[in-house]
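Q: Sending over a structure as C-alpha cells; questions will come in a sec.
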Amino acid sequence: MDESDYEDEAARPDADPVRQETLFRQIEDIIGGAGGADDGGDPDAAEDALEQICTLLLDEAPAYNWVGFYYIDPEQPRELTLGPYAGEPLERTRIPFGRGVCGRAAESDDVFVNPETLATPPAEVAHRDMRAEIAVPVKDEDDVVGVLSVDSAHPAVFDENDRTFLRRVGELAGPLVARWVKQV
C-alpha cells in the first residue's frame with residue numbers, strides 16, 4: 001500500500017467507526033482478562049495486557065505501523081519513558097515533557113498530531129518509517145500517567161475518528177498503565 005491509498009477514508013478500514021467500536025470491545029476484553037483496570041490486579045498481567053493492546057492495534061489498523069505506551073517516570077516526573085509497544089524498536093526511549101507530540105501531550109493533557117514528520121526536526125522522529133504521529137494522554141482518574149503514541153508510514157493519515165478512538169483507548173488503559181508503573 002502506498003500513501004495515496006489512504007487519501008480516501010474508505011481505504012482505511014480501521015477508520016470506520018463500527019470497526020473501531022469492535023476494536024474497542026476487544027481492548028475492553030483484554031483489560032478484563034488482566035484483572036480489570038483497578039489497582040488490585042497483577043502488575044505483570046497489566047504489562048501483558050498493554051502489550052496485547054499495542055499488538056492488536058498494530059495488527060488490525062493498517063494505517064498504524066508503531067503503537068506504544070510511554071509512562072511518566074515517578075523518579076523523573078517531567079519525563080516519559082517507553083513502556084510496552086508493538087513495532088520497530090526505538091533508539092529514543094525517554095522524552096522530556098514539552099518535546100515532540102508525546103511530550104506536549106503529556107504536558108498539556110491534550111491530543112497532538114504531527115501530520116507530516118518529514119517537516120519535523122530529526123531528533124523528534126522516532127523511526128525511519130514514521131511519516132505521521134498522534135499522541136494521546138493516558139490518565140488514571142484526573143492524573144496524566146502516560147501517553148499512547150501511534151505512528152504511521154503515511155502522511156496526514158490521522159483524523160478526528162483516530163483522535164476520538166485513541167482518546168477512548170487511552171482513557172480505558174490509564175488505570176492499567178498506573179498499575180503497571182507501580183512495579184517498574
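Q: Taking H as built 1.01 Å from N, whose amide H comes closer than 5 Å to the amide H of GLY146, not counting residues under 5 places away?
A: Amide H neighbours of GLY146: ILE72, VAL138.
Q: Under the rule a/c < 1.5 gives rounded, and otherwise a/b versus b/c splits prolate from oblate, where does the stretch 43-96 land using the Cα gyration tensor?
A: oblate
Q: Let me ask something else. Kindly state, to the nearest 0.05, the FRET efficiency for ALA156 paired with GLN26, given R0 = 22 Å and r defined as their beta-carbon distance.
A: Given R0 = 22 Å and the Cβ-Cβ separation, E is 0.25.
Q: Then there's this: Would you please give the FRET efficiency between ASP109 and LYS182, computed as 1/(1 + (r/R0)^6) with r the Cβ-Cβ distance and R0 = 25 Å, to the nearest 0.05?
A: Rounded to the nearest 0.05, the efficiency is 0.75.
Q: Find how much the distance from THR93 to ASP129 grows on full extension, using 0.36 nm per residue of separation minus their present alpha carbon separation; answer in nm with one decimal.
A: The span from THR93 to ASP129 would gain 11.3 nm if fully extended.
Q: Under the rule a/c < 1.5 gives rounded, and otherwise a/b versus b/c splits prolate from oblate, where does the stretch 10-181 land using the Cα gyration tensor?
A: Oblate shape, in that a/c is at least 1.5 and b/c is the bigger or equal ratio.
Coordinate-derived values only; no laboratory data. All of these numbers come straight from a predicted model, not from anything done at the bench. Because the Cβ atoms are built from the backbone with ideal geometry, glycine has one as well, and the counts that use them run over all protein chains shown.
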